[in-house]
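The values are calculated or read from the model by the stated rules, or taken from the named source; none is laboratory data. These numbers were taken from a predicted model, which means no experiment stands behind them. Ideal geometry is used to build each Cβ from the backbone, glycine not excepted, and the neighbour counts take in all protein chains shown. Accessible surface areas use protein heavy atoms only, side chains included; no ligands, DNA or RNA. Shrake-Rupley method; radii C 1.70, N 1.55, O 1.52, S 1.80 Å.
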Amino acid sequence: MLAALCALIATAIFVLQGPTAALAATDEQEVTDFYFAGTITFDDKPVEGVTISVDGNGFDAETETDPEGKWRLYVPEQERYTLTIDEKTLPDGVIVDAAQLPDGVALVSGTTGSFEAEFGLTGTKIINLFLGEGERVTESFVDQLLSRLMNGLNFGLLLALASMGAALIYGTTRLSNFAHAEMVTWGGLVALVFTSFWQLPLWAGIAGAIIGGALLGWALDAGLWRPLRRRGLGVVQLMIVSIGLSLALRYAFQYVIGGGTSQLPGASPTPIRFGPISLSYIDLISMGVSLVVILAVAYFLTRTRIGKATRAISDNPQLAAASGIDVDRVIRIVWILAGVLAAISGILWAYFRPGVKWDMGMQMLLLIFCAITLGGLGTAFGALLGSLIVGIAVEVSTLWIPSDLKYASALAALIIILLIRPQGLLGRRERLG
């Protein structure tokens, strides 16, 4: 009797909510207040089984059209997203009719199955897609590989800025700083406050973020890490403190700016085609800035007295102190430098994602540790090499695996290299343990 009653209730719910609700349950989507939905038709007839996916702001999901051609994709927030139709699931010889796309929806340049869409005043965006006869735009494997290699290089360079700072902190203090993710987030947040909240020019936001990153690095060392070092806390205890600090800062950021994603000025510009490679002017600026900053850090470490002292402390802090080096002063400078690098990385990450969010640095933290370990613990140049490998591996891996698994490829590369060379690519055996 109870089973019959449950079946009756389930049937009533299905009838009331319709096939779209059943579709969402089948896809195991998390139901939110924001979603894209619509129908796909060809010659006024619904098309079943078409795969459509959504990607953007660190989120991706996919679904299929039901027998009535209907689909629905829930997203976490009211932002701009890229919707993509798997053209392999379309009938032969048909593509999306670009002439009948609704307002607020535009095809991505150079494609026939990907388009950008944004919400209006409500949390629902209805996108009815009409198919028509046409020739599909496809990319060869080589073209896709070149495009992803360039994206991976861009991502690897901005990741290197954060990784080199974290590696310098580890090299001089042996601290695995889990709060480094929040130092990255801090850079994006300060730039957002200057540009969006205070309506200042972008250059002022960048300058404010760099100064803010330096102040945060100085404050963390002066107010927390130096007193704890003087109390003689061990490495494990300091790491646990950094985890607590990470949680405190992260949720403080959420309290201040909320849980949504905000865009910096000029985000998501129109890409420029360089043959098979598609880059925006922001991507070009990002790579240029990253290269200049990395070269400046390399010069600092190899040509200046403070840089040489930093390397000496990383090798042997007791011997460096016995040689007359002011270890506390050098560590303070390292924290300031790490704060600046993290802030710059945070701004570039905000444009790469795109968007500033309260936990955006946490999305990079595992990759930062992966890059540091891969390159060799405690060496900034190893972190640079590891970041480039991680960035390229993450982007290129999407040629063979789903995009939501791409970060696992970096961990796979880490495991393989550590099995061959346990100390990392540029690490030394005596640094292990």
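Using the rule -39500 (n - 2.57) for each DSSP H run of four or more residues, divided by the residues of the chain, the 222 nm mean residue ellipticity is -18000 deg cm²/dmol. The length gained by stretching the chain between residue 153 and residue 228 to full extension, at 0.36 nm per residue less their Cα-Cα distance, is 23.2 nm. Between segment 353-381 and segment 134-198, the alpha-carbon centres lie 8 Å apart. The 3J(HN,Hα) values that the Karplus relation (6.51, -1.76, 1.60; θ = phi - 60°) gives for segment 248-263 are, in residue order, 5, 5, 4, 7, 5, 4, 5, 5, 6, 10, x, x, x, 10, 10, 9 Hz. Gly and Pro appear as x. Note on segment 285-424: the C-alpha convex hull projects to 9.8 nm² when averaged across all orientations. For the chain, find the longest principal axis of its Cα atoms and tell me its angle to the long axis of helix 380-396, 0 to 90°, nearest 10. Long axis of 380-396 versus the principal axis of the chain: about 10 degrees. Of all the options 163, 345, 286, the one that moves most in a Gaussian network model of the chain with Cα springs shorter than 10 angstrom is 286. Over segment 118-204, the fraction of Cα-Cα pairs per 5 Å bin, rounded to whole percents and listed from the shortest bin up, is 3, 9, 9, 9, 11, 14, 14, 12, 9, 5, 2, 1, 0. Each part reduced to its alpha carbon centroid, segment 236-273 and segment 25-95 end up 29 Å apart. Using C-alpha pairs below 8 Å separated by at least 6 residues, the relative contact order for the chain is 19 percent. The alpha-carbon positions of segment 49-192 define a convex hull whose volume is 164 Å³ per residue. Each residue of segment 197-203 was assigned a 3J(HN,Hα) from its phi angle through the Karplus curve 6.51 cos²θ - 1.76 cosθ + 1.60 (θ = phi - 60°); the sequence is 7, 9, 6, 8, x, 4, 4 Hz, with glycine and proline shown as x. Ordered by solvent-accessible area of protein heavy atoms (1.4 Å probe), largest first, the residues 62, 182 come out as 62, 182. The P(r) of segment 82-130 has a tail past 15 Å containing 45 percent of all C-alpha pairs.
Loop-located trypsin sites (Lys or Arg not before Pro) in segment 112-201 (DSSP state other than H, G, I, E, B) with a sparse environment of at most 15 neighbouring Cβ atoms within 10 Å: 136. Distances between placed amide hydrogens fall under 5 Å for residue 72 paired with no residue 5 or more residues away or on another chain.
Here the scattering of segment 47-123 is modelled by Debye summation over its C-alpha atoms, one equal scatterer each and no solvent; at q = 0.11, 0.15, 0.24 Å⁻¹ the log10 of I(q)/I(0) is -0.28, -0.53, -1.32.
Using equal-weight Cα scatterers in the Debye expression, the normalised intensity of segment 204-311 in log10 at q = 0.10 Å⁻¹ is -0.54.
For segment 83-90, backbone phi angles converted through the Karplus equation (6.51, -1.76, 1.60; θ = phi - 60°) give residue-by-residue couplings of 9, 10, 9, 6, 5, 5, 8, 8 Hz, Gly and Pro being listed as x. Computed over the Cα atoms of segment 342-433, pair by distinct pair, the Kirkwood hydrodynamic radius stands at 13.8 angstrom.
Shape analysis of segment 255-367 based on the Cα gyration tensor places the equivalent ellipsoid semi-axes at 36, 19, 10 Å, largest first. Diffusion coefficient (Stokes-Einstein, Kirkwood radius over C-alpha pairs, 20 °C, 1.002 mPa s) for segment 118-265: 112 µm²/s, rounded to a whole number. Computed over the chain, the range of Cα coordinates on each principal axis works out to 82, 60, 50 Å, biggest value leading.
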